[in-house]
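As structure tokens, the structure follows; a few thoughts come after it.
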Amino acid sequence: MASLDQASAHGRLRAYLHTTQLLGSIHSTLYYDQNTAMPAAGAPWRGEQLALLARQLHGRQSCREYSDLVAAAEAELATDADPGARRNLVLLRQELERQRRLDPVLVGRIAEAQARGYALWQQAKADQNFALFSPALAELVSLRQEQARQLAEPRSCWETLAQTFEPDISKQRLRELFEPLRQQLPGLLAQAASLPPLPPANWDLQEAAQDQLCETLLLEWGYDASRCQRSRSPHPFSTTIGPADFRITTRIVAGLPFSAFLATAHEWGHSLYEQGLPRSGEHFFPWPLGEATSMAVHESQSIFFECRLARSAAFAERWYPRFRSALGRDAWGNGRRFWRSINPMRAGLTRVEADELSYCLHIVLRFELELALLEEDLPVEELPERWNSGMEQLLGLRPGHDGEGCLQDVHWSEGLFGYFPSYALGHLISAQLSEAMAAELGPIEAQIAAGNEAAILAWLGRKVWLLGRRVNAEQLVEQITGRPLSAEPFLAYLRDKLARLAD
């Protein structure tokens, strides 16, 4: 392999990318602070800070100096047979060409609009008033459409924006994967309505008790306080600041005592994936080969820890005594009824609190609305009504106000169009990977019952995490499972779970 000392072309590129990554980590730190500790009045200044960093990052990733460094490394690599190094340079070249097409002024305007949009979204959600956020959303739609025009890829506007999250995805492929969900999930929801009634929802947990349960879960799943941090934010998320600095956030929701616990499991799944990616040394290199395969694969890991582990019957049996102790009384009677409580299996208005049956229908709605906003000239002002009618059609529910309707998610406040389908794809990928894991390790529930999460983590680290961006999401699935990605393993898992809940 080509030498990585400073004298080599690859070494000079590595040093340049290290500085770029430092700037990117500063951006991530400011974003984390904005979501966890920054006072609301700090939003305008934070917008200017983020815009400045965005322009600097764009300049470093599109300038002549960087282009020359990549070209020199490509020439040096001509005699290097290492496939990882070759793939890394292909990815760097691809991103370089994308960045060179973007106007720096547009990059700065997007960053400022994101900070402004986030602040207005928080206010609008709190006030349950979409009109407060509508102008910011309209601006973000316009800016992202301009971004797609400048990138000028042989894809539609939405597909171009989605490449950031899901390389090689297309609307046609998503429709193929989502159609079985649209067709079969409503029937499964109707079937779930006949399940035995849940225990009365007449209990809640104090914040301190919820925090303690979350802390215990993280410690059992490998949380290291010297490398990790958990905070509160309006919307749970995970982010990586540096090679030994991993952050997650959760939130306590009154009347939803499982919310913080399940969100912690979900976000820790994200963080474990980040911690297991094939990055080397303190310089966070190779890059971008050591980044996540895609957001769908990222979501498959968080969904695995939330749904396959924390919502499993075996896990419920182990944790039932702890929740009973935290509550100070027994609200369930036995571990099985506790398991039923963690798996309500009924349609709800909120995506992040949705059960496994209804979750993907929330995503189908958002996918269709994004296409309408970006490619079908849907006026932003009409979004709330389109959202509400879509909820009625897909889930039989209608939001009572904008806060539990089209303002519930943070993503559009940052112009992250193209992100939502990764959540549903994550469910499909998680199910198909779980089948492959069970074929090798034996039933996953048996591993959980034995407290053998270490074997599960080792399998994921060996099979999934180490691939990084050597492949795209569908290639990863086919490489590990031996067949193309399909909705059927996920639907089969849901049918089996419903049958077990009905026993």
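The values are calculated or read from the model by the stated rules, or taken from the named source; none is laboratory data. Note that the structure is predicted; figures quoted are calculated from it, not measured. No Cβ is skipped: glycine too gets one built from the backbone with ideal geometry, and neighbour counts run over all protein chains shown.
Things worth noting here:
- Evaluation of Ala499 against (1) within 24 Å of the chain's Cα centre (by Cα); (2) in a helix (DSSP H, G or I); (3) without any contact (Cβ under 8 Å) to a residue 60 or more places away in the chain (one fails), failing number: (1)
- Restricting attention to the range 438-491, the residues that are in a loop (DSSP other than H, G, I, E, B) and of a type outside the set (A, V, I, L, M) total 9.
- Residues that are in a helix (DSSP H, G or I) and over 14 Å from Gly396 (Cα atoms) within the range 343-364 comprise Cys360, Ile363, Val364, listed in sequence order.
- A residue that is modelled with pLDDT of 95 or more and farther than 24 Å from Glu356 by Cα can be found somewhere in the range 247-269.
- Subset of the range 147-183 (residues that are touching a Leu at 6+ places or on another chain (Cβ under 6 Å) and surrounded by fewer than 17 Cβ atoms within 10 Å (Cβ to Cβ)): Gln150
- Considering the range 225-246, the residues that are part of a strand (DSSP E or B) and of a type in the set (D, E, K, R) include one that is farthest from Thr350 (Cα to Cα), namely Asp245.
- For the residues Gly418, Gly451, Gly442, Gly405, the requirement of being at positive phi, in the same structural domain as His235 (by TED's automatic domain parsing) and touching a Leu at 6+ places or on another chain (Cβ under 9 Å) singles out Gly418.
- Only one of the numbered conditions (1) of a type outside the set (S, T, N, Q); (2) touching a residue at least 12 places away in the same chain (Cβ under 8 Å); (3) over 30 Å from Gly461 (Cα atoms) is not met by Gly187, and that is (2).
- Selection status of Gly418, at pLDDT 95 or above, buried (at least 20 other Cβ atoms within 10 Å of the Cβ), in contact with a Ser or Thr (Cβ under 7 Å, 6 or more places away or on another chain) and part of a helix (DSSP H, G or I): no
- When residues of the range 133-146 are limited to those that are small (Gly, Ala, Ser) and touching a residue at least 40 places away in the same chain (Cβ under 8 Å), the one surrounded by the most Cβ atoms within 10 Å (Cβ to Cβ): Ala136
- The number of residues in the range 190-199 being without any contact (Cβ under 8 Å) to a residue 40 or more places away in the chain and either part of a helix (DSSP H, G or I) or closer than 26 Å to His298 by Cα (or both) comes to 1.
- Residue in the range 247-259 that is assigned to a helix (DSSP H, G or I), assigned by TED's automatic domain parsing to the domain that holds Asp355 and under 18 Å from the mean Cα position of the chain (by Cα) present: yes
- Qualifying residue in the range 317-325 (condition: buried (at least 17 other Cβ atoms within 10 Å of the Cβ) and within 27 Å of Leu143 (Cβ to Cβ)): no
- Residue list for the range 371-420, filter: among the polar types (S, T, N, Q) and touching a helix residue (DSSP H, G or I) at 6+ places or on another chain (Cβ under 8 Å): Gln408, Ser413
- Test: residue in the range 260-275 that is within 25 Å of Leu219 (Cβ to Cβ) and more than 19 Å from the chain's Cα centre (by Cα): no
- Residues in the range 24-44 that are more than 22 Å from the chain's Cα centre (by Cα), surrounded by 16 or more Cβ atoms within 10 Å (Cβ to Cβ) and in contact (Cβ under 8 Å) with a residue 24 or more places away in the chain: 1 in all.
- Residue in the range 162-170 that is in a helix (DSSP H, G or I) and of a type outside the set (D, E, K, R) present: yes
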